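Below is one structure, written out as structure tokens, with a few remarks after it.
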Amino acid sequence: MQIENIQFEQEGTIMYITINREKYLNALNKKTILELNHVLSLCESDDSIRVLIITGSGDKAFVAGADIKEFASFNRREGTELSRFGHELLFDKIATYTKPVIAAINGYALGGGLELALAAQIRIASNNAKMGQPEVTLGVIPGYGGTQRLTQLVGKGKAMELILTGEMISANEALKIGMVNYVVSQEDLMLKAIEIANKIAANSPRAVRKSIQAINATYGNIGLLKEIELFGSCFGTEEFQEGVTAFLEKRKPNF
Ligand code: CAA
């Protein structure tokens, strides 16, 4: 597979993956999801890799969400497929991965970008990071696991507020509500991620793998399947048209 949108490099027992679409704030289009899936599969079968660190290129964004331009004209069936595709190839894969994935959040983590971080086992944010689920401003709902994983992490009350208002919060607010494990300066972001990765890498890989499995055992997939269906049902509606058109025209939506 020709890899264009991500960079990956192994150093010692750590695999560093950088999403590299800086011009579009590292928005996740289908090709990027396929590439990430490919690299995750390669890493899974390589025993020399113990921990993965995912970050975004540049100093502005981790990932600004799913690629809105790519799905702007999708109908209900295509919207449902987009969500199912993301869940299966990337988000569920990371959440149930056999090696820990650390999200190093170096800027905006919005929509699918926050959902990518939420799927990871550990999240570290730099102090310039901003996080949120702005999907309702586009006429859709979080479609890559956010309705479930954000709720699991921060509780129903805060998840409701974040998803229904669509507002962004600062890294420090995210720390307060337990959305991220640590907040550090931009310079220290990778150092902190490496420090944690090295601690994990020194432990029994089998025990680490089984711990992830055991922690995940509580969380079923009924909510995730419902999310896919409801995400798809937003597509092709007038409100969806208004939401995505407003984004493309760089104006506020009028619902
Ligand atoms: N998809 C596609 N392109 C995106 C994008 C996205 N999610 N986010 C940013 N971009 C593009 C912009 O369109 C712009 O491209 P052009 O130069 O061609 O116009 C470029 O990246 C730079 O972005 P801005 O000019 O908007 O930068 P800014 O500093 O003014 O604003 C921002 C930054 C607040 C993050 C703003 O870009 C923004 O609101 N982005 C969208 C965030 C969002 O709504 N994410 C959710 C997506 S839907 C989703 O993720 C669904 C799901 O759960 C599956």
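The values are calculated or read from the model by the stated rules, or taken from the named source; none is laboratory data. Only a predicted model underlies this, so the values are computations on that prediction, with no experimental measurement involved. Cβ atoms come from the backbone with ideal geometry, glycine included; neighbour counts cover every protein chain shown.
Details
- Number of residues in segment 12-44 that are within 16 Å of the ligand (Cβ to nearest atom) and either touching a helix residue (DSSP H, G or I) at 6+ places or on another chain (Cβ under 6 Å) or not in a loop (DSSP other than H, G, I, E, B) (or both): the value is 13.
- Helices (runs of 4 or more DSSP H) (entirely within segment 68-139) containing at least 2 residues that are surrounded by fewer than 22 Cβ atoms within 10 Å (Cβ to Cβ): 68-71, 76-86, 92-95
- Which numbered condition Lys250 misses (of (1) in contact (Cβ under 8 Å) with a residue 40 or more places away in the chain; (2) within 16 Å of the ligand (Cβ to nearest atom)): (1)
- Every residue from segment 103-159 that is more than 30 Å from Gly236 (Cβ to Cβ) and free of Cβ contacts under 8 Å to residues at least 24 places away in the same chain: Gly155, Gly157, Lys158
- Taking the listed residues Ala117, Ala159, the one that is at pLDDT 95 or above, in contact with a strand residue (DSSP E or B) (Cβ under 9 Å, 6 or more places away or on another chain) and on the phi < 0 side of the Ramachandran plot is Ala117, with no other qualifying.
- Pairs with Cβ under 7 Å, 6+ apart, first in segment 62-74 and over 13 Å from Leu138 (Cα atoms), second assigned to a helix (DSSP H, G or I) and within 6 Å of the ligand (Cβ to nearest atom): Val63/Gly112
- Per-region count, segment 141-152, residues crowded, with 17+ Cβ neighbours inside 10 Å and away from the ligand (no atom under 14 Å from the Cβ): 1
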